[in-house]
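**Student:** Here's a structure for you.
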Amino acid sequence: MITNPLKTVYIFLGPPGSGKGTLSNLCVKNLGWSQLSTGNLCRKHIAEQTEIGKQIDLALKSGKLISDALITEMVKEWLFEIIDRVDSVILDGFPRTLPQAKAFADIIAEKLSTVRAKIVKFSIDDELVIARIGSRYVCQNKNCQTVYSLVENSKLAPKRSMICDNCNGELIRRSDDSLDTICDRLSTYHKHEQALIDYYAQTGFSVLDFNAEKSIDCLFEEFKKINGV
Ligand SMILES: [Zn+2]
């Protein structure tokens, strides 16, 4: 019996609305993986008023960015807790900046010798991102946060109008999904993207360029094929 199998941490790098969250959910449901959405985890910490949650809340209320150190601490805590229990983990929305990427590489090097990291870069046109997010709704239950699309005939449409299929929670628009906010988030993303990719290349992490403009079913099939899962 192998006591210490190699685990894979997939880092999903892509703009908001590129399908990272939806693809993550499919991997969790169908492959038994675990996923971390830093956005969801922040919201959960805030709702549960943990020490980390209080600090995040304070930063947001005073209009500051959540510090790289705080985000890294939150991810590290989650990763250490989960990594022994699953084969593969997806990080969605982390590392988002160069300091976060460096901190992540340090965590892997120091503490997680059984882990290899694979970067998946989601490539998609900004216009398509804006259209997708314009029709996006999420379950308001903090422990669920399933994402839906109200685009006609979408596979991500809820079965009942404005009600979550999984938990019957009410579907709402996220405040950070407004057009102004999404344009800001896109420009922030693009500002960091190249620096992150350059850093991963230098560090020897493999970076896979993934065309994210296709439908979600195609994305999932292609993702499995490319990664041999
Ligand atoms: Zn729900």
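The values are calculated or read from the model by the stated rules, or taken from the named source; none is laboratory data. Model, not experiment: these values are computed from the prediction. FYI the Cβ positions are ideal-geometry reconstructions off the backbone, even for glycines, and counts take in every protein chain you see.
**Student:** I'm checking my understanding of the structure. Among residues of segment 12-35 that are over 11 Å from the mean Cα position of the chain (by Cα) and more than 20 Å from ALA117 (Cβ to Cβ), which one is surrounded by the fewest Cβ atoms within 10 Å (Cβ to Cβ)?
**Tutor:** The extreme case among them is LYS29.
**Student:** Also, I was wondering about something else. Which condition from (1) within 16 Å of the ligand (Cβ to nearest atom); (2) under 16 Å from the mean Cα position of the chain (by Cα) is the one that LYS121 breaks?
**Tutor:** Going through the list (1) within 16 Å of the ligand (Cβ to nearest atom); (2) under 16 Å from the mean Cα position of the chain (by Cα), LYS121 breaks only (1).
**Student:** Would you call ASP126 away from the ligand (no atom under 16 Å from the Cβ), modelled with pLDDT under 90 and surrounded by 13 or more Cβ atoms within 10 Å (Cβ to Cβ)? Before you say what the answer is, go through the steps one by one.
**Tutor:** Values: away from the ligand (no atom under 16 Å from the Cβ): yes; modelled with pLDDT under 90: no; surrounded by 13 or more Cβ atoms within 10 Å (Cβ to Cβ): yes.
No.
**Student:** Taking into account only those residues within segment 57-68 that are part of a helix (DSSP H, G or I) and more than 18 Å from the chain's Cα centre (by Cα), which is surrounded by the fewest Cβ atoms within 10 Å (Cβ to Cβ)?
**Tutor:** Filtering first and then ranking leaves LYS61.
**Student:** Take the residues in segment 103-117 that are out of contact with any Lys or Arg (no Cβ under 9 Å at 6 or more places or on another chain) and surrounded by fewer than 15 Cβ atoms within 10 Å (Cβ to Cβ), then tell me which one is modelled with the lowest pLDDT.
**Tutor:** SER113
**Student:** Which members of segment 131-143 meet the condition of being closer than 23 Å to CYS27 by Cβ, near the ligand (Cβ under 9 Å from one of its atoms) and surrounded by 14 or more Cβ atoms within 10 Å (Cβ to Cβ)?
**Tutor:** Answer for segment 131-143, where residues must be closer than 23 Å to CYS27 by Cβ, near the ligand (Cβ under 9 Å from one of its atoms) and surrounded by 14 or more Cβ atoms within 10 Å (Cβ to Cβ): VAL138, CYS139, ASN141.
**Student:** For segment 36-51, give me each residue that is surrounded by fewer than 19 Cβ atoms within 10 Å (Cβ to Cβ) and free of Cβ contacts under 8 Å to residues at least 60 places away in the same chain.
**Tutor:** Within segment 36-51, GLY39, ILE46, GLU48, GLN49, THR50, GLU51 qualify.
**Student:** Tally up the residues in segment 83-98 that are under 16 Å from LEU41 (Cβ atoms) and under 16 Å from the mean Cα position of the chain (by Cα), please.
**Tutor:** Of the residues in segment 83-98, 8 are under 16 Å from LEU41 (Cβ atoms) and under 16 Å from the mean Cα position of the chain (by Cα).
**Student:** Can you work out which of the residues in segment 144-173 that are more than 8 Å from the ligand (Cβ to nearest atom) and polar (S, T, N, Q) is nearest to ILE46 (Cα to Cα)?
**Tutor:** SER149
**Student:** Restricting to segment 101-131, give me the number of residues that are touching a residue at least 24 places away in the same chain (Cβ under 8 Å), closer than 25 Å to ASP68 by Cα and among the hydrophobic types (A, V, I, L, M, F, W, C).
**Tutor:** Count: 12.
**Student:** Now, a different point. Condition check: surrounded by fewer than 13 Cβ atoms within 10 Å (Cβ to Cβ) and touching a helix residue (DSSP H, G or I) at 6+ places or on another chain (Cβ under 9 Å). Does SER187 satisfy that?
**Tutor:** Values: surrounded by fewer than 13 Cβ atoms within 10 Å (Cβ to Cβ): yes; touching a helix residue (DSSP H, G or I) at 6+ places or on another chain (Cβ under 9 Å): no.
In short, no.
**Student:** Quick one: would you say VAL75 is within 16 Å of the ligand (Cβ to nearest atom) and either more than 24 Å from VAL229 (Cβ to Cβ) or under 18 Å from the mean Cα position of the chain (by Cα) (or both)? Lay out the reasoning, then the answer.
**Tutor:** Working: within 16 Å of the ligand (Cβ to nearest atom): no; either more than 24 Å from VAL229 (Cβ to Cβ) or under 18 Å from the mean Cα position of the chain (by Cα) (or both): yes.
No; evaluated as a whole, the condition is false for this residue.
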